[in-house]
Amino acid sequence: RRLGLHIFRNVIHYLGNLGWFVGVTLISLADVSALAFTVPLFTVCMAALILHETIGPHRWIATLVGFFGMLVIVRPGYIPIEFGTAAVLSSAIFYAISLITVRTLSFTEPLNRVLFYMAVVFVPISAGPAMMVWVTPGWADLWPIVFLGVTGWFSHFCIIRAFSAADASFVPPFDFVRLPVAAGFGWLLYEEVSDIWTWAGAVVIFAATYY
């Protein structure tokens, strides 16, 4: 009965994934994660405008401070805005729309149905672009692909469960734990070292989302 909303949510989420994957190939993992902290900020605004949730002054203050932290990282006017940066910020907006839609779906749809339609919609809309650049994976790619599939599914399971249990403006800030994890893996696996501006902006966003 809500098939249209399922399709809309997953098309938007696919665009978010696309921007995120593009960004990962162009900028460091720490930068990607720091910029992804804007998802909670966009989600709070959309929760007020679309879901008409009551957002108190503390959450609005945190939203504005977090947005300032994003500007510290991006530094518009001082450094050129790279395509990877723009892709991740666009991804954050799409993810926020997707999360708001999940919250709306959670009022009537069971958890497993939301997950099921994600798979149903993702396969056809991603198959066309994939075929244009298709390279058959080798056996060495098998375990990373399976690992990505399992962890991606479990991640969505947890996100959808959280949004069915709490306000849309309450859940996303807990995503801040992704920054130290991603930065650690970026340093350990790829020897990525972020500049001081990325960490300064991340600290501001962390403080805002935690507050």
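The values are calculated or read from the model by the stated rules, or taken from the named source; none is laboratory data. Treat the numbers as computed from the prediction; the structure is a model and nothing was measured. We place every Cβ from the backbone using ideal geometry, glycine too, and count neighbours over all the protein chains shown. The accessibility values were calculated without ligands, DNA or RNA, using every heavy atom of the protein model including side chains. Shrake-Rupley method; radii C 1.70, N 1.55, O 1.52, S 1.80 Å.
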Item to check | helices (runs of 4 or more DSSP H) contained entirely in the range 1-94, each with at least 1 residues that are among the basic types (Lys, Arg) and under 29 Å from PHE122 (Cβ atoms) | outcome: 3-26
Checklist entry - How do the pairs read when you match residues in the range 135-162 that are open to solvent by 100 Å² or more (accessible area, probe 1.4 Å) with residues anywhere that are of a type outside the set (Val, Ile, Thr), using Cβ under 7 Å and keeping only pairs 6 or more apart or on different chains? => result ARG161/LEU111
Item to check | Residue ID - nearest to the chain's Cα centre (by Cα), chosen from residues in the range 163-181 that are at pLDDT 75 or above, surrounded by 11 or more Cβ atoms within 10 Å (Cβ to Cβ) and assigned to a helix (DSSP H, G or I) | outcome: PHE163
Item to check | Members of the range 127-162 that are modelled with pLDDT of 90 or more, hydroxyl-bearing (Ser, Thr, Tyr) and in a helix (DSSP H, G or I) | outcome: THR151
Checklist outcome for this item: Considering the range 98-114, residues that are open to solvent by 50 Å² or more (accessible area, probe 1.4 Å) and not charged (D, E, K, R), and then whichever is farthest from ALA165 (Cα to Cα), we arrive at ASN112
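Kindly evaluate PHE83 against the criterion of being more than 23 Å from ILE7 (Cα to Cα), open to solvent by 20 Å² or more (accessible area, probe 1.4 Å) and not aliphatic (A, V, I, L, M). Walk me through how you get there before you give the answer.
Numbers: more than 23 Å from ILE7 (Cα to Cα): yes; open to solvent by 20 Å² or more (accessible area, probe 1.4 Å): yes; not aliphatic (A, V, I, L, M): yes.
Yes, satisfied.
When you check PHE8 against the structure, is it under 15 Å from the mean Cα position of the chain (by Cα), modelled with pLDDT of 80 or more and closer than 22 Å to MET118 by Cα, yes or no?
Values: under 15 Å from the mean Cα position of the chain (by Cα): no; modelled with pLDDT of 80 or more: yes; closer than 22 Å to MET118 by Cα: yes.
No.
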